[in-house]
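What follows is a single structure, written as C-alpha cells, with notes after it.
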Amino acid sequence: MFQTQKTIENHRPQPGNQLRPGLEGVPVTQSSICDIDGNHGKLTYRGYPISELAAHSSFLETSYLLIWGNLPTAEELKVFEKEVQMHRRVSFRVRDMMKCFPATGHPMDALQSSAASLGLFYSRRAIDNPQYIYDAVVRLIAKIPTMVAAFQLIRKGQDPIQPRDDLAYSANFLYMLTDREPDPLAARIFDRCLILHAEHSLNASTFSARVTASTLTDPYAVVASAVGTLAGPLHGGANEDVIAMLEEIGSPEKARSYLDEAISNKRKIMGFGHREYRVKDPRASILQGLAEELFARFGKDEMYDVAKALEEEAATSLGSKGIYPNVDFYSGLVYRKLGIPRDLFTPVFAISRVAGWLAHWREQLGANRIFRPSQIYTGVPSRTWKAVEDRPTSIGA
Ligand code: SDX
C-alpha cells in the first residue's frame, strides 16, 4: 500500500542550497487532484474547470470526484450521499465536550478540538484498509458541518439541532444552524460555495494535511492539523477580516483613501493577493455572481458597493503587482446574506476544504515519504556548558 516516492535526486542537503521562504515555487509532491494556472486565472479539479463544477455539480459529487478521481456513477453517488446522510450525527460525548468549551472561544478552535476528538472513537491504525479510508472520508465529510452548527447553538446556550435526514447536505447545514429550512435558492448557492472552496492544490492547510498524513497518523489528526492552519488570517481566516475591513471603510467614496493609507503603511488588504494568481481569482468572480444572485432575490448588502469600489481602486494601485481579489473577498458577503455569523465564515471554509484535505490524505498514502525538509543553520557555533555560578551575571556580558 505504501510505496515510497523514489528520491528524484540525492536528498542530502547540497552545499549552497538556496533558501526558499514559504517553499515558494518549490514542488514538494506530485499530485493529480487540482491544477491552477495562476497567470490565466484557471482552476480545475481532476481536469474539470471550476466554472463547470460550480454551475452543474453538487458538493458531495465534487467531493467524490476529488477524493476518488472520477465523477461517480449514479449508483456510486446515491450510495455516497446515503452514507454521508447516515453519519451526520456526532456522539453525545463530543457534544458534551463542546459544552465545556468557553462560549467566547473562536469556532475554528472548537472545530479543531472536536475534529481531533473523533479520532478517539475510531481505531487509528487501519489506514492501510480501504474500508477504513472510505469510512473516515464519510464520517469527516458528514460530521464537520454538524460540529460547526452544534458549537454555534451551544455557545448561545441552546441545545444543538439534530440533522434532518430528509434534507440534502447543504440545506441540512443551514437548517442545523438556523432551525429554519432554507430557501432552495439559498441552499443551492451555499452548495456552490462549498464546491468553490473544496480544493486548491498545495495551499498552507493542505500542505499541513500532507505533512501530517506522511507520518501515517489517523485522518482525524490530519484534518485537525489542517483546520488549525486554515484558521490563520493570511489563509482561510481572511474572509472574516474582509467584512470588518468593508465596514471600517463604510462607503464607496472612502475606498481610495483607505487603500492609500493601507499601502503607505504597508498593510495587507484582506481578500486580495495570492501566491499563485496574478489575475483575479476565478473563484472570486463566481462568488461575486452568487452574491448578486442572492441580492436580486433577498435584497442587496450595502457593503457590496464598498467592495466593488475597493476592487476598482485597487486595480489601479495593486493590479500592476498582480494583486487582485482572491476567494475570500466576496465569500463573506454571500455568507452574510445567508445568515451565517461572521466568525463561522472560516469554519464554513473548513466544511468544504475537508474534501480537498482528504483527497490529498489518500494521495499521500498512495506514494508516501515522510516530509522532513532541510534548513540552513544560522545559530551560534558549538559552545561548552557552564555551571550557573560560572556564568556572566547579565545576559550578553
Ligand atoms: C487563501 O494558497 C492558497 O491557495 C490559499 C487559498 C486556498 O484556496 O486555499 O486560495 C485561500 O488563503 C486566500 C488568501 C487569503 N488571505 C488574504 O487575503 C490575506 C491578504 N493576502 C496576503 O496576505 C497575501 O497576498 C497572501 C498571503 C495571500 C499571499 O502572500 P505571498 O504570496 O507570500 O506574497 P507576499 O506576502 O510575499 O507579498 C508579495 C508582495 C509584497 O509587496 P513587496 O514587499 O514585494 O513590495 O505583494 C504585496 C506584499 O506587500 N501584497 C499585498 C497583498 N498581498 C501581497 N499588498 C497589499 N495587500 C495584499 N493583500
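Values quoted throughout were computed directly from the atomic coordinates according to the rules given, and no laboratory measurement underlies them. It should be emphasised that the depicted structure is a prediction, and the values quoted were computed from it without experimental measurement. When we count neighbours, we look across all protein chains shown, and the Cβ atoms used for this are built from the backbone with ideal geometry, even at glycine.
General remarks:
- Taking the Cα centre of region 238-337 as origin and assigning +1 to Lys and Arg Cβ atoms and -1 to Asp and Glu Cβ atoms, the resulting dipole is close to 320 debye.
- Overall shape: oblate for region 238-337, with the ratio a/c of the largest to smallest alpha carbon gyration tensor axis at 1.5 or above and b/c at least equal to a/b.
- Highest-MSF residue in the chain out of Ser264, Ser317, Ser205 [GNM, Cα springs under 10 Å]: Ser264
- Each Cα pair under 8 Å and six or more residues apart adds its sequence gap; the mean of these over the residue count of the chain is a relative contact order of 24 percent.
- Each other residue within a Cβ distance under 15 Å of Ser113 adds +1 if Lys or Arg and -1 if Asp or Glu, for a net charge of +3.
- Candidate cross-link partners of Lys156 among the lysines, defined by an alpha-carbon separation under 19 Å and a same-chain spacing of 8 or more, comprise Lys99.
- Build a GNM of the chain with springs between Cα atoms under 10 Å apart, and of Glu276, Glu302, Glu261 the one that fluctuates most is Glu261.
- Kirkwood hydrodynamic radius computed over region 59-218 comes to 16.8 Å, based on all pairs of distinct alpha carbons.
- Using a Gaussian network model of the chain in which every pair of alpha carbons under 10 angstrom is joined by a spring, one finds that among Arg372, Arg88, Arg210 the greatest mean-square fluctuation is at Arg372.
- Scanning residues 5 or more positions from Leu43 or on other chains, those with amide H under 5 Å from its amide H are Asp37, Ile50, with H placed 1.01 Å from N in the peptide plane.
- For region 153-213 and region 61-140, distance of Cα centres in Å: 12 Å
- Cα gyration tensor shape for the chain, rounded if a/c is under 1.5, else prolate or oblate: rounded
- Ordered by the count of other Cβ atoms within 10 Å of each Cβ, fewest first, Tyr45, Tyr132 give Tyr132, Tyr45.
- Sorting Glu75, Glu199 from the fewest to the most surrounding beta carbons within 10 angstrom yields Glu75, Glu199.
- Selected from Leu153, Pro233, Trp361, residue furthest toward positive end of dipole (the chain; charges at beta carbon): Trp361
- Counted charge near Tyr304, where neighbours are those whose Cβ lies closer than 13 Å (Asp, Glu -1; Lys, Arg +1): -4
- Relative contact order (%) - region 238-337, alpha-carbon pairs under 8 angstrom, separation at least six: 47 percent
- Taking 37 °C and 0.692 mPa s as conditions, region 15-96 diffuses translationally at an estimated 204 µm²/s according to Stokes-Einstein applied to its Kirkwood radius (Cα pairs).
- Anisotropy class of region 300-357 from Cα gyration tensor, a/c 1.5 cut: oblate
- For region 271-327, the equivalent ellipsoid derived from the alpha-carbon gyration tensor has semi-axes of 23, 13, 6 Å in decreasing order.
- Put in order of Cβ neighbour count within 10 Å, fewest first, the listed residues His87, His40, His197 become His40, His87, His197.
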